[in-house]
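First up is the structure itself, then whatever we jot down about it.
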Amino acid sequence: MTTPHTIAVLGLGRMGGAIATRLAAQDRSVVGWTRSGRTSGTVTTTGDANKAVAGADLVVLALFDGPACRQVLDDVRDSLRTDTIVLNTSTIAPAEASELARQFGPSYVHAPVLGSVPAVAAGVLQILAAADQDVLERIRPVLETLGTVHRVDDAATAAALKLIANNSLAGAVLALRDALRQADVLGLPRTRTLDVLELGQLGGLVARKRPFLLDEPTAATAHFTIGALAKDMAVLAAASDTPLRSATGLADTPASAEADIAVAATVPSAEDAVLEPLRAYIRGHATGDPAHFRDAFLPTAHIEGMREGAFVSWRLDEYCALFHGRPAPDEPTRTRRLDAVDVHGTVATATMTLSHGADTFTDVFLLARADDGWRIANKAYHRHA
């Protein structure tokens, strides 16, 4: 069993460049190539991918997505030696990883990694490696230069586990966004808020990303971008064919795709104009005055749900007729909570929970931005008895 000594790294972006640098620093013979033509000051580079792989014992892929992996491997396939191992660290779909494993057989190792550039530099990546045992042992010294190896049954499983790990990261970023937005509404200083958050479950993320969260002009270079994480969540959503809130939450972030993921936690909340019709709707319930509902809804709106076992679809006039200009007798004990608002250009969705006496209602709204501002186009509700 011979440990690879000559290594080609295809893709010299943030992670690929860091991997190439780490391996070269450990006295490996490394040559790098990137589709953009970017050169590296720390490793030898070539503009010809075929030349890079022709003399390599190990070819490391650090590319953006599945299509990039397929294209690059198709381009260099004829230049790979029969004993060359292909190690793919890219985050791609399970089906894409499985197909590459089928094409290249035992010489293909799917090994996505957990951790970003600092973890590469420190050699503390967590590596999910799907490989035959003898192939894995052959490249283990190289992998252990980068971090800790966790063997996985197959390429599809390794790819899926990486996507799930990134989903948890996306969830943490969005949870941090919610916390910071609420703190801003309450008038809490950002620095003090981060001090407290750093003591809790989001502490590690807050500690690592504090310069970005404080919008400091000297913030470090982004190690994992909003665009890359949004891409991963879109891949996961497509692979699972199930709703994934983080995919939408990141894709709709009004910040540069090249910004660090922490910037996604600092973007402003939904514009107040979107909230105005929802607040008018709340005032309508609080006062019993139908005029507030006319302010909240478009004249063409319908309100739909189940009432006494039958489906109802009220026009706005019919709905307003249910209210008589005075609060409900138990209004002091009633509560209304706006749960979510998602804005997509000129349309938005919102969800609200209303606790009215013995009943709780979930209201789901479709909103549209008309000439005179945002209005509720339709509402559907569910009554929890």
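The values are calculated or read from the model by the stated rules, or taken from the named source; none is laboratory data. Please read all numbers here as calculations on a predicted model, not as lab measurements. Backbone-built Cβ (ideal geometry, glycine too); neighbour counts: all protein chains shown. The accessibility values were calculated without ligands, DNA or RNA, using every heavy atom of the protein model including side chains. Shrake-Rupley method; radii C 1.70, N 1.55, O 1.52, S 1.80 Å.
Worth a mention:
- Mean-position separation - Cα centroids, the range 130-202 and the range 289-321, in angstrom: 45 Å
- Rounded to the nearest whole Hz, the Karplus-based 3J(HN,Hα) values (6.51 cos²θ - 1.76 cosθ + 1.60, θ = phi - 60°) of the range 366-374 follow the sequence 10, 10, 9, 8, 9, 4, 9, x, 6, with x at glycine and proline.
- Across the range 3-125, C-alpha contacts under 8 Å between residues 6 or more apart give a mean separation that, scaled by the residue count, equals a relative contact order of 24 percent.
- Reduced Cα scattering model of the range 113-163, Debye log10 I(q)/I(0), q = 0.23, 0.24 Å⁻¹: -0.83, -0.88
- The translational diffusion coefficient of the range 1-97, from Stokes-Einstein at 4 °C and 1.567 mPa s with a Kirkwood hydrodynamic radius over alpha carbon pairs, comes to 98 µm²/s.
- Net charge of Cβ neighbours under 15 Å - reference residue 310; Lys, Arg +1; Asp, Glu -1: -1
- Since only 117, 131, 66 are under comparison, the one whose Cα sits farthest along the positive direction of the charge dipole of the range 1-136, derived from C-beta charges on Lys, Arg, Asp and Glu, is 117.
- Taking the longest Cα principal axis of the chain as reference, the axis of helix 226-240 is set at about 80 degrees.
- Helix 14-25 axis, angle to the chain major axis (alpha carbon atoms, nearest 10°): 30 degrees
- Relative contact order (percent, whole number), the chain, Cα cutoff 8 Å, 6+ residue spacing: 9 percent
- Whole-number percent relative contact order across the range 107-208, with pairs defined as alpha carbons under 8 Å at least 6 apart: 22 percent
- The accessible surface of the chain, taken with every protein chain in place and a 1.4 Å probe, is 53 percent carbon and sulfur.
- In the frame of its principal axes, the chain has Cα extents of 84, 45, 38 Å, reported largest first.
- Rounded to the nearest 500, the helix-only mean residue ellipticity at 222 nm of the chain stands at -12500 deg cm²/dmol, with each DSSP H run of n ≥ 4 adding -39,500 (n - 2.57).
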